[in-house]
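The numbers here are math on the coordinates, done by the rules we state, and not lab data. In this text the structure is predicted, and so the values were computed from the model without any measurement. Quick reminder, even Gly has a Cβ in these numbers, built from the backbone with ideal geometry, and neighbours come from all protein chains shown.
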Amino acid sequence: MADSRSYRGIEPWLGERVYVDPSSVLVGAVEVGNDSSIWPLVAARGDVNKIVIGERTNIQDGSVLHVTRKSPSLPEGHPLIIGDDVTVGHHVMLHGCRLGHRILVGMSATIMDGAVVEDDVIIGAGSLVPPSKVLESGYLYVGSPVQQKRPLTDKEREFLRVSASNYVALKDEYFIDVHPI
Ligand SMILES: CC(C)(COP(=O)(O)OP(=O)(O)OC[C@H]1O[C@@H](n2cnc3c(N)ncnc32)[C@H](O)[C@@H]1OP(=O)(O)O)[C@@H](O)C(=O)NCCC(=O)NCCS
């Protein structure tokens, strides 16, 4: 059983066939869509705002997901919204940002409050996406702070779907081999 905790009466919500590693921690308003997976040592803390994760999305080992509270100057705060078929690599920091569909966030990248990543984007390992930055659909971004490097190739666009579906298959193996239900 994963460590799934209520905060102020709100429990994490999991869709169908979601894999959550027992060493990860989900707190409060965290929604995880069908066939998504949460890998070892992930912390997702939906306390002062909500975290919404779409379908077939994987959040890899050691990643940290948090949000920013609502305030008079920021009425909605900064929730964390992640779309479908997104691959979040190992040790990624996602804070109060919005990610579309079919995105790869490279290992150890950081994405800050109010940043928006449009559909079909690759973010290189170790990149920093500053607050409120918008990453345009269809491009590779690398660096700290990130710079638009080049358009994605057709092969890379296809890889975004393949990466997500590989992780759907992998989490299904974990249900069978590692944590039978
Ligand atoms: C970003 C990435 C996809 C680029 O791959 P690539 O096809 O080798 O990229 P390119 O050869 O077109 O490189 C483009 C430029 O970006 C640079 N670059 C590549 N990755 C970079 C990174 N992570 N940070 C900074 N610069 C990077 C290259 O040196 C090159 O620079 P140049 O134009 O000055 O020569 C790859 O390096 C990467 O970071 N992948 C992330 C993998 C990952 O974390 N997966 C999740 C866990 S499984």
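Of note:
- Since only 81, 53, 71 are under comparison, the one whose Cα sits farthest along the positive direction of the charge dipole of the range 3-178, derived from C-beta charges on Lys, Arg, Asp and Glu, is 71.
- Per-residue packing, averaged as other Cβ atoms within 10 Å, sorts the ranges 107-118, 77-88 into the order 77-88, 107-118, beginning with the highest.
- Total charge dipole magnitude, the chain, about the Cα centre, Cβ charges on Lys, Arg, Asp, Glu only, Debye to nearest 20: 580
- Enclosed volume per residue, in Å³, of the convex hull spanned by Cα atoms of the range 3-178: 91
- Sequence-distant residues sharing a close amide H with residue 57 (under 5 Å, placed H): 36, 37, 85, 86
- Between the amide H of residue 144 and those of 128, distances stay under 5 Å, these residues lying 5 or more places away or on another chain, with hydrogens modeled in the peptide plane.
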